[in-house]
Amino acid sequence: MDFSYKTDEELVISAFSNEDSFSELINRYEKKLFNYIKRISNLSKEDIEDILQEVFIKVYRNLNGFDADLKFSSWIYRITHNEVITNFRKFNSRPKFFDLNINDDILESIKSDFNIEKDLDSYILREKLKEVLQKMDVKYREVLILKFFEFKDYNEISDIIKKPIGTVGTLINRAKKQFRDILIKLDIKI
Amino acid sequence: MTNIINIVLEKIKEKNIKPRPRWIFVFYNIFLWVLVPIFIIFGALSFSFIIHMFISSDFDLRDRVSGNLFEFVFKTMPYFWIIILIIFLFILYFDFKNTKKSYKFNFLKVSLFGLSLIILIGIMFYFSGVARYFDNNFLKVNSYKALSCQNLKMWNNPEKGILVGKFINISENSGSFKDIYEKNWNILFNNDAELESLNLDNNIKVVGRKIDDNNFYAEHIREMRCGCGMKNCDCVNSERNFIDKRSNGCGIKILN
């Protein structure tokens, strides 16, 4: 069955009666969410997969609670975000190091937003950016990851982390400031 | 990557997981929103009790019972209702926070709005007599009385011109009075007009000056909040039960 023409929201409605619709939702999000969890948690592959299973089971159990005013992607990212935080609490620790995969799209987005010199070596820049992100406060790193790595807009970030849009704007501005300050400390030309 | 789709679908079948019915989500959200005004009303009621107790605490007499205003406020603070108000505010906060769209609102603005509403409705409750009515009824419950009337003894200070206790009997210009330490006093007063409006079965505050160890001259006589309770006291637990034309039958014997 071809689901490509169906939106996520349509799939949610048909998921009650059609198992394949729910499979398609998992298919659409498993890779994205795997990367997102990896970026914010630095857990092992096995642990991430365990969290992912929990997330999809929660999604299934709460299909009727899906608020049509939200985007499905915001809703599933919120569930994932909460599940990762629950996992941090369970083991009483947050990671200090992250294995951030910065692809070309992400790199370009960061370069243009922070006016980083275009001729800077990409490999060096990637390494420096990882270092910068690791040095950032968790609350700032999380919003920057949602904005620059997951390409979410302010509205979506607001729905995911359950904060007012104004607060999201403030968080992103402060995150950018901290990002720039650390860039300067690491002597990266901007 | 492991085949997550199959694992998840198998788990769903194996554990027979079903989507929760829609009515649970609808009911839960309505329930949370219904609780918001209820706890605003409860908060306002608590606030009106706090106003009522502050106003009942006779600020004009503070110099007679404590050294400074701060000490007086500290001693007469209605801690019981302040704690109750804080508990209601916490419940209100967590209730609102769990509603679906609460995160869209600015926390500071919503908090200020909620607090203003509680203060405004609380003031309305106070002026409409709701606080006094409930307080008087609650005072019939001994445990409430014990919690909210802790400061009775601090008022009894004959040297500074205050006695707290009850009249045993009253004649034309004097009365027998037993203070809260069970000491008997002969109270002298020029006119008993003030007594007309009081329920003398309640605890009474006599303000004036000590003449000697047994006699006290009364300048003012006031009813205390923590007496037997109601203005129209029904005297159910009163030791004295004389017919009295001046105090709604609540126990003061008139000696002519």
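The values are calculated or read from the model by the stated rules, or taken from the named source; none is laboratory data. Computed from a predicted model, the values in this text were never measured in an experiment. All Cβ positions, even for glycine, are placed from backbone atoms using ideal geometry, and neighbour counts span all protein chains on display.
Listed by position, the helices (runs of 4 or more DSSP H) contained in segment B:1-106 that have at least 1 residues being surrounded by 12 or more Cβ atoms within 10 Å (Cβ to Cβ) and within 14 Å of another protein chain (Cβ to nearest Cβ) are B:4-14, B:22-55, B:79-97. So in segment B:29-58, with the set limited to residues that are more than 9 Å from the chain's Cα centre (by Cα) and of a type in the set (Gly, Ala, Ser), which one is nearest to B:Ile121 (Cα to Cα)? Filtering first and then ranking leaves B:Ala44.
Got a sec? Which of B:Phe31, B:Phe39 is under 30 Å from A:Tyr60 (Cβ atoms) and not small (Gly, Ala, Ser)?
Details: B:Phe39 fails: under 30 Å from A:Tyr60 (Cβ atoms).
After applying the criteria, what remains is B:Phe31.
Annotation note: Cβ proximity below 6 Å between a residue of segment A:3-23 that is in contact (Cβ under 8 Å) with a residue 12 or more places away in the chain and a residue that is outside any helix (DSSP H, G or I) and surrounded by fewer than 16 Cβ atoms within 10 Å (Cβ to Cβ) (sequence gap 6+ or interchain) occurs for A:Asp20/A:Met1.
You will find that of A:Ile57, A:Ile76, the residue that is of a type outside the set (Phe, Trp, Tyr), part of a helix (DSSP H, G or I) and within 17 Å of the chain's Cα centre (by Cα) is A:Ile76 and no other. So, B:Leu117, is that one surrounded by fewer than 14 Cβ atoms within 10 Å (Cβ to Cβ), out of contact with any Gly (no Cβ under 7 Å at 6 or more places or on another chain) and under 30 Å from A:Ile165 (Cα atoms) or not? So B:Leu117 does not fit the description; no.
Listed here are the residues, each with its yes/no results for (1) closer than 17 Å to B:Ile7 by Cβ; (2) of a type outside the set (A, V, I, L, M); (3) in contact with a Pro (Cβ under 6 Å, 6 or more places away or on another chain).
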site: A:Met1; (1), (2), (3): no, no, no
site: A:Ser4; (1), (2), (3): no, yes, no
site: A:Asn42; (1), (2), (3): no, yes, yes
site: A:Asp50; (1), (2), (3): yes, yes, no
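Can you find, within segment B:169-193, the residue that is modelled with the lowest pLDDT among those that are closer than 26 Å to B:Phe72 by Cα and not aromatic (Phe, Trp, Tyr)? Step by step, filter segment B:169-193, then rank; the result is B:Ile180.
Taken as a whole, the condition of being without any contact (Cβ under 8 Å) to a residue 12 or more places away in the chain, outside the structural domain of A:Ile124 (by TED's automatic domain parsing) and closer than 27 Å to B:Asn16 by Cα applies to A:Arg61. Taking segment B:139-168 as the range and being over 21 Å from B:Val65 (Cα atoms), in contact with a helix residue (DSSP H, G or I) (Cβ under 9 Å, 6 or more places away or on another chain) and at pLDDT below 85 as the test, the residues that pass are B:Leu139, B:Tyr144, B:Lys145. Taking B:Arg64 as meeting all but one of (1) free of Cβ contacts under 8 Å to residues at least 40 places away in the same chain; (2) farther than 30 Å from A:Phe34 by Cβ; (3) in contact with a helix residue (DSSP H, G or I) (Cβ under 7 Å, 6 or more places away or on another chain), write down the number of the exception. Every listed condition holds for B:Arg64 apart from (1). Against the list (1) more than 14 Å from B:Ile5 (Cβ to Cβ); (2) buried (at least 20 other Cβ atoms within 10 Å of the Cβ); (3) of a type in the set (Phe, Trp, Tyr), the condition A:Phe16 fails is (2). Regarding B:Phe80, is this residue within 30 Å of B:Arg209 (Cβ to Cβ) and of a type in the set (A, V, I, L, M, F, W, C)? No: the conditions fail for B:Phe80. Only one of the numbered conditions (1) within 14 Å of another protein chain (Cβ to nearest Cβ); (2) without any contact (Cβ under 8 Å) to a residue 24 or more places away in the chain is not met by B:Ser116, and that is (1).
Determine which member of the set A:Glu117, A:Glu156, A:Glu131 is among the charged types (D, E, K, R), in contact with a helix residue (DSSP H, G or I) (Cβ under 9 Å, 6 or more places away or on another chain) and at pLDDT 85 or above.
On the way: A:Glu117 fails: at pLDDT 85 or above; A:Glu131 fails: at pLDDT 85 or above.
The unique qualifying residue is A:Glu156.
In this structure, does A:Lys90 turn out to be modelled with pLDDT under 90 and assigned to a helix (DSSP H, G or I)? So A:Lys90 passes the test. Between A:Glu49, A:Glu54, A:Glu83, the distinction of being at the interface with chain B (Cβ under 9 Å from one of its Cβ atoms) and surrounded by 16 or more Cβ atoms within 10 Å (Cβ to Cβ) belongs to A:Glu49 only.
Screening B:Asn199 against (1) closer than 21 Å to B:Ile55 by Cα; (2) buried (at least 18 other Cβ atoms within 10 Å of the Cβ); (3) at pLDDT 80 or above leaves a single unmet condition, (3).
With the structure loaded, tell me whether A:Phe66 is among the aromatic types (Phe, Trp, Tyr) and within 13 Å of chain B (Cβ to nearest Cβ) or whether it fails that test. Criteria met by A:Phe66. Scanning for something out of contact with any strand residue (DSSP E or B) (no Cβ under 9 Å at 6 or more places or on another chain) and either more than 13 Å from chain B (Cβ to nearest Cβ) or closer than 30 Å to A:Asp121 by Cα (or both), does segment A:159-170 turn up at least one residue? No: zero hits. Screening A:Arg141, A:Arg126 for residues that are in a helix (DSSP H, G or I) and either in the same structural domain as A:Trp75 (by TED's automatic domain parsing) or modelled with pLDDT of 85 or more (or both) leaves exactly one candidate, A:Arg141.
Within this structure, B:Gly175 passes the test of being over 22 Å from the mean Cα position of the chain (by Cα), surrounded by 15 or more Cβ atoms within 10 Å (Cβ to Cβ) and under 16 Å from B:Gly208 (Cα atoms).
Quick check on segment A:123-140. Is at least one of its residues of a type in the set (Val, Ile, Thr), closer than 24 Å to A:Ser73 by Cα and away from chain B (no Cβ under 14 Å)? Yes, segment A:123-140 contains at least one residue that is of a type in the set (Val, Ile, Thr), closer than 24 Å to A:Ser73 by Cα and away from chain B (no Cβ under 14 Å).
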